[in-house]
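A.B. asks: Shown below is the structure under consideration.
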Amino acid sequence: MEEPALIAKSEKFLESIKIRKINPDDLIDPKGFIETYTYLRSNLRKLQKIKKRMELKGFKTPYRSMAIYGPPLKGELKAEDLHDIRRQTQYFRMKASLKKNILDRVNSAIASHRIALGHLEEHGALTCEMCRRTFKLGELSEDELRECECGSTLQVKFEDGNIKRLEIIPYLPLSGDYMVKISQLTPWARESFKEIIRLLKNEKSGTITSATMIIKVQESGRWVRKRMTIEDIDHIDYEKKLKQEYGPHARIEFIQFHRRKSTIINDRHVRTALALGYSGFIQDFLAKIEDEILKKRLKKPHIVKRYDEIREEAEEYSPTFVREGKELEEIRKRRLEDLLIQEGLADENGNLKPDLKSDLELREKIMNIFSRTPITLILWDIACYYLTTSYDRRSKYAGPFPGLGPVLDRKQVKTFDKMDKEAVKLLKEYGEKIFYIKNLQKLLLKKFEIEEKIKGLHMKINPRAFGAALINLESGIDEKTCANIFSVTLEELKRERENIKALRKPTDKARLFMEMIK
């Protein structure tokens, strides 16, 4: 397929995706759920084929081919020749820009579809009433989603306790139109969007994971050089370890530190899509309840509303005579003062009345809480995903957060300190299953430490109950609340709590048995 035809076909397909809206109500109905899942999965397959064709045709590096165009290095050029060369260069630059933009849009659409499918796969599974088997959606091909191998029709079974956020799917840039969706965000939601991307990217220096050393040691009366590698060097006194292993006279001649990027999600299109999904969803969610919140918390909300009307009127005021920008701004400022004084909302000097001023300051604080709510919600979901899934699942399966690492290091878990207590209260007040965990980063590190201990032990655990039990033990939150949040029974939670205690302080026989298994 020629490049212009490929671009035209891709744009047409992306626009068809944009036209069809995802209805959240369809996702709680078994029939609508399967239809939506099949549709998104089919789209993803087509988008991946389009991406492959584009990359084969050089869309990934479109400006490289322009190196052959331009004025010659030697000799003089006539004005007409120079004009033709500039026109040619401009044409090829526009063509290269078009290729880059369409591939960027396709990549954004792919990332959004992967996120949507991950959330749907956490939301539901398929069961066969005849042979009593349960299938995950990702394990079956599109043809196998309707019927089991035994010939019986598969039924949809919705999972309550898995970590998913179906509400964000309509806000994902499924057609790759992320720039359009960014422009539709309110100022505070746009700030949240930027902060989520910054946190998921974790723009800091890389984490030191290990070090390679060239050391000089004495053996049989002569000095020899050796190479050694030390893991987790941040938390080990490597000089002490060196002397313990090779004696007090060992010397380090050369040391090279190996760093790893501390990015939490390593795909920029996934980061953008997730930030848009959470910011857009919370923006619309809070818009529905904003008046109710302000009525509850402000002393005189009707006066604040009148102040907003007056401010809007003053900002739209334009005298008939032409003025410069700064002068017009001064006129509008004086107009606002005059209107406030006439309305009795300000004194003769233009100072706001105390009740109005305090309410405006309080509203500003509420808006700040609004801007922290999307950040808090996505960090809560990612933390819960880590706590309620196994290392193997996170390693082998993309899940609702594609590109998420299976474990986090000590610097990465500090990101979860950004969860806001007031935002948690707000979400909890309006029906969200969430609570504030003061030591969340310590809790996550403890989970990773326990996972490292049980590697190779083939212990059968209930991941959701395990996460709930760990929160109960480490945070002091009562077991009933923890069980309710993750939809597990108290018996399951207590069983996993005993497993955690046994792993922490195993008996001598248990320790010996664990060593034998390893």
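A.B. asks: For the range 418-460, what are the residues that are more than 20 Å from the chain's Cα centre (by Cα), small (Gly, Ala, Ser) and farther than 19 Å from Phe486 by Cβ?
C.D. replies: Gly456
A.B. asks: Go through (1) closer than 21 Å to Glu139 by Cα; (2) in a helix (DSSP H, G or I); (3) modelled with pLDDT under 95; (4) open to solvent by less than 90 Å² (accessible area, probe 1.4 Å) one by one and return the number of the condition Lys31 breaks.
C.D. replies: If we test Lys31 against (1) closer than 21 Å to Glu139 by Cα; (2) in a helix (DSSP H, G or I); (3) modelled with pLDDT under 95; (4) open to solvent by less than 90 Å² (accessible area, probe 1.4 Å), just (4) comes out false.
A.B. asks: Could you figure out which of (1) modelled with pLDDT of 75 or more; (2) surrounded by 12 or more Cβ atoms within 10 Å (Cβ to Cβ); (3) out of contact with any Ser or Thr (no Cβ under 8 Å at 6 or more places or on another chain) isn't true of Cys128?
C.D. replies: Result: Cys128 passes all but (3).
A.B. asks: Here is a follow-up. Please verify whether the range 206-217 includes one or more residues that are in contact with a helix residue (DSSP H, G or I) (Cβ under 7 Å, 6 or more places away or on another chain), at pLDDT 80 or above and part of a helix (DSSP H, G or I).
C.D. replies: No, every residue in the range 206-217 fails to be in contact with a helix residue (DSSP H, G or I) (Cβ under 7 Å, 6 or more places away or on another chain), at pLDDT 80 or above and part of a helix (DSSP H, G or I).
A.B. asks: Working only within the range 443-488, note down all residues that are touching a Gly at 6+ places or on another chain (Cβ under 6 Å) and surrounded by fewer than 21 Cβ atoms within 10 Å (Cβ to Cβ).
C.D. replies: Scanning the range 443-488 gives a single hit, Ser487.
A.B. asks: Being out of contact with any Gly (no Cβ under 7 Å at 6 or more places or on another chain) and open to solvent by less than 10 Å² (accessible area, probe 1.4 Å) is the filter; apply it to the range 104-113 and report the residue that is nearest to Pro402 (Cα to Cα).
C.D. replies: Ala111
A.B. asks: Since Arg335 meets every condition but one in (1) without any contact (Cβ under 8 Å) to a residue 24 or more places away in the chain; (2) open to solvent by 90 Å² or more (accessible area, probe 1.4 Å); (3) more than 22 Å from Leu185 (Cα to Cα), which condition does it not meet?
C.D. replies: (2)
A.B. asks: Here is a further query. If you scan the range 287-305, which residues turn out to be surrounded by 16 or more Cβ atoms within 10 Å (Cβ to Cβ) and either in a helix (DSSP H, G or I) or in contact with a strand residue (DSSP E or B) (Cβ under 7 Å, 6 or more places away or on another chain) (or both)?
C.D. replies: Result: Ile293, Leu294, Pro301, Ile303, Val304.
A.B. asks: Taking the range 426-442 as the region of interest, how many residues are without any contact (Cβ under 8 Å) to a residue 24 or more places away in the chain and surrounded by 15 or more Cβ atoms within 10 Å (Cβ to Cβ)?
C.D. replies: Total satisfying the criteria: 1.
A.B. asks: Would you mind stating whether Ser395 is open to solvent by 10 Å² or more (accessible area, probe 1.4 Å), modelled with pLDDT of 90 or more and among the small types (Gly, Ala, Ser)?
C.D. replies: So Ser395 does not fit the description; no.
Residue-wise test of (1) open to solvent by 60 Å² or more (accessible area, probe 1.4 Å); (2) assigned to a helix (DSSP H, G or I).
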residue	(1), (2)
Glu149	yes, no
Lys157	yes, no
Asn162	no, no
Ile197	no, yes
Lys226	yes, no
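A.B. asks: Please enumerate the residues belonging to the range 97-115 that are among the small types (Gly, Ala, Ser) and either at positive phi or at pLDDT 95 or above (or both).
C.D. replies: Ser108, Ala109, Ala111, Ser112
A.B. asks: Another one. Take Ser175 and tell me if it is surrounded by 20 or more Cβ atoms within 10 Å (Cβ to Cβ), of a type outside the set (A, V, I, L, M) and modelled with pLDDT of 80 or more.
C.D. replies: So Ser175 fits the description; yes.
A.B. asks: Test Ala346 against the criterion of being crowded, with 16+ Cβ neighbours inside 10 Å, within 40 Å of the chain's Cα centre (by Cα) and either among the small types (Gly, Ala, Ser) or more than 30 Å from Lys433 (Cα to Cα) (or both), and give yes or no.
C.D. replies: In short, no.
The values are calculated or read from the model by the stated rules, or taken from the named source; none is laboratory data. Quantities reported herein were computed from a predicted structural model and do not represent experimental measurements. All Cβ positions, glycine included, derive from the backbone under ideal geometry; neighbour counts span all protein chains shown. For accessibility, only protein heavy atoms count, side chains too; no ligands or nucleic acids. Shrake-Rupley method; radii C 1.70, N 1.55, O 1.52, S 1.80 Å.
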